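Worksheet: one structure, shown below.
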Amino acid sequence: MTDLLCPECSRPRCVRPDRLCLNAEWAFMPDSEGRSPAELLARPHWEAQPVRVPSSWRWMIKPHEPFQPYDLFGYPAAWNDAQAGQLFDSHSL
């Protein structure tokens, strides 16, 4: 039965073998300054904590409230200021 589950996310494998499950932890580089992708990649600074795909790095609704219902993965509060970001992972086909 375990061969029917995706090893990365433990969900059932797709029926179509031509699909690749991208659910995983990916490297993340937030951008709070509005830089272009080329500027970000010219001097990359990948965060130590990965981001889970699929998920959003922005989770804070009201900054001063103690209860944050979307804080599911413990991402840093500074990530909420990022309007964009770069994600990276490596896959072989």
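The values are calculated or read from the model by the stated rules, or taken from the named source; none is laboratory data. Computed from a predicted structure; not experimentally measured. Glycine also receives a Cβ, built like all others from the backbone with ideal geometry; neighbour counts cover every protein chain displayed.
Does any residue of the stretch 36-52 turn out to be under 14 Å from the mean Cα position of the chain (by Cα) and at positive phi?
The answer is no; no qualifying residue exists.
Among (1) under 30 Å from residue 5 (Cβ atoms); (2) modelled with pLDDT under 95; (3) part of a loop (DSSP other than H, G, I, E, B); (4) of a type outside the set (Gly, Ala, Ser), there is one condition residue 47 misses while meeting the rest; what is its number?
So the condition that residue 47 fails would be (2).
Of all residues in the stretch 42-62, which are hydrophobic (A, V, I, L, M, F, W, C) and under 12 Å from residue 87 (Cβ atoms)?
46, 51, 53, 57
Name the residue that is surrounded by the most Cβ atoms within 10 Å (Cβ to Cβ), counting only residues in the stretch 59-76 that are at pLDDT 90 or above and under 18 Å from residue 31 (Cβ atoms).
75
Identify, please: which residue in the stretch 16-43 is in a loop (DSSP other than H, G, I, E, B) and touching a residue at least 24 places away in the same chain (Cβ under 8 Å) and is, among those, farthest from residue 75 (Cα to Cα)?
Applying the filter and picking the extreme gives 20.
Can you name every residue in the stretch 56-85 that is among the small types (Gly, Ala, Ser) and in a helix (DSSP H, G or I)?
Selection gives 77, 78.
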